[in-house]
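Please read the structure below before turning to the comments.
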Amino acid sequence: MRKNLTTVVSSSKVTVEINREKATVIIGERINPTGRKKMLKALQAGDFEMVRQDALAQVAAGAKILDVNAGVPGADEEVLLKQVLQTVMDTVDVPLCIDTADPLALEAALKTYQGKALINSVNGEERSMEAILPLVKEYGAAVIGLCMDDDGIPATDDDRLRVAGKIIERAGKLGIGPENIVIDPLALTMGADHTAGFVAMQTIEKIVAEFGVNITMGASNISFGMPDRKFINSTFIAMSIHAGLTCPITNPLEEAVAIAVLAADISMGRDEYGMAWIKAYRERQKAQAES
Ligand code: THG
């Protein structure tokens, strides 16, 4: 049987366990100004109301963890990320995923965060591992490891597997166990390379077989530039769950995606008596009746 590690993350009030035998854990992607002009403008103006609304809406739509990214060009990320993180902590109870490329902003955020955070992310570059992994250890966090290194994003599944192994091994040397590493195979854009989705799924299968770690992925990147993106996103996410994806970073407000995750879970035998599926169906009916 393949190994099946459990990654635990928490807020001050809620603990979430990520495990291949349990329901898929959606990490809500929307608190992120990249590609979202309205949120960028609001954050530049010091207005956190949109952050609050996005936090509430994503949790209501089924997100179990929220990704928090405050990368605003020209802003002091150390200050802004802390403010956005505090806003989200004051608004919802779910654990948070701290999304930043800046080690100083990350450490400031970790000092503010109450609970066991998921750090997004480290990668296989020497510089990244040296800066991020000691913080993972010091703050007792879990971390997302991206399958890329000094040579960029490898084209093949075997080379991405090798980068995942390098990150897991280096973390192990610092006393960070593989249960605290969540690997991201990296979903590139199909529009640029039609094999991008297949390579990501093959990478997931190989990493799970070898290491048994949990797997995340920015699962809506895949369809950039394509028409009818929601059908690609929902199909790709369901297939990736079969391959071993356990905690996608995605938009739970996209109904097709949220439904595909629930359908994948029951298809994988992870929704006992179909309770989650039926509950979500009733909620959709109720919302429809009210509109
Ligand atoms: N892996 C990891 N972390 C990640 C990514 C990943 N973090 C960032 C990103 N990729 C995932 N998050 C987002 C957030 C916002 C958007 C896309 C991915 C986004 N969405 C809409 C769009 O697609 O055009 C626009 C938003 C809107 O509805 O207004 O821009 O791969 N580890």
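Odds and ends about this structure:
- Here the translational diffusion coefficient of segment 75-183 follows from Stokes-Einstein with Rh set to the Kirkwood radius across Cα pairs; for 10 °C and 1.306 mPa s it amounts to 111 µm²/s.
- Note on segment 1-122: Lys pairs 8 or more places apart or on different chains, Cα atoms under 21 Å apart, count 15.
- For the pair R52 and Q285 in one chain, pulling the backbone fully straight at 0.36 nm per residue adds 81.3 nm over the alpha carbon distance.
- If you run the Gaussian network model on the chain, springs between alpha carbon atoms under 10 Å, then out of I222, I27, I153 the most flexible one is I153.
- Scalar couplings 3J(HN,Hα) for segment 97-110, obtained by applying the Karplus form with A = 6.51, B = -1.76, C = 1.60 to θ = phi - 60°, are 10, 8, 9, 8, 9, 9, x, 6, 5, 4, 5, 4, 5, 5 Hz; x denotes Gly and Pro.
- Close amide H partners of G244, meaning residues 5 or more places away or on another chain with modelled amide H under 5 Å apart, do not exist here.
- Each stretch of four or more DSSP H residues adds -39500 (n - 2.57); spread over every residue of the chain, this sum gives -15000 deg cm²/dmol at 222 nm.
- Close amide-amide hydrogen proximity is noted between I119 and I98, A142, V143, I144, each under 5 Å apart and 5 or more residues distant or on a separate chain (H modeled in the peptide plane; Pro and chain starts excluded).
- Rounded if a/c under 1.5, otherwise prolate or oblate - segment 157-291, Cα gyration tensor axes: oblate
- Gyration tensor over the Cα atoms of segment 131-209: the corresponding equivalent ellipsoid has semi-axes (square roots of 5 times the eigenvalues, largest first) of 25, 12, 11 Å.
- Distance from the alpha carbon centroid of segment 98-131 to that of segment 133-158 works out to 11 angstrom.
- For segment 111-193, share of DSSP beta bridges that run antiparallel, in % to the nearest 5: 10 percent
- For segment 197-238, the Rg and Dmax computed from alpha carbons only, in angstrom: 11.7, 36
- Per-selection Rg to Rh, segment 26-83 - Cα, Kirkwood hydrodynamic radius: 0.96
- Compactness relative to 2.2 N^0.38 Å, alpha carbon Rg of segment 121-167: 1.14
- Charge sum, other residues only, whose C-beta stays under 10 Å from L118's C-beta, Lys/Arg counted +1 and Asp/Glu -1: -1
- Entry note, the chain: relative contact order of 19 percent, from Cα contacts under 8 Å with a spacing of 6+ residues.
- Long-range amide H partners of A63 with built H, under 5 Å: none
- 3J(HN,Hα) from dihedral phi, segment 275-290, Karplus parametrisation 6.51/-1.76/1.60, rounded to Hz, x for glycine, proline: 4, 5, 4, 5, 4, 5, 4, 5, 5, 5, 4, 5, 4, 5, 5, 7
- Mean separation of Cα contacts under 8 Å, 6 or more apart, over the residue count of segment 2-60: relative contact order %: 21 percent
- The value of relative contact order for segment 202-259, using C-alpha pairs under 8 Å at least six residues apart, is 44 percent.
- Computed over segment 1-122, Cα set: Rg, Dmax in Å: 14.4, 53
- Gyration tensor (Cα) of the chain, equivalent ellipsoid semi-axes in angstrom: 26, 25, 19
- Phi angles across segment 221-227 convert, under the Karplus curve 6.51 cos²θ - 1.76 cosθ + 1.60 with θ = phi - 60°, into 3J(HN,Hα) values of 4, 3, 9, 3, x, 9, x Hz, Gly and Pro given as x.
None of the figures in this text is laboratory data; all of them are computed from the coordinates on show. Worth saying up front: this structure is predicted, and the values here are computed from it rather than measured. Here the Cβ is made from the backbone with ideal geometry for all residues, glycine too, and neighbour counts use every protein chain on show.
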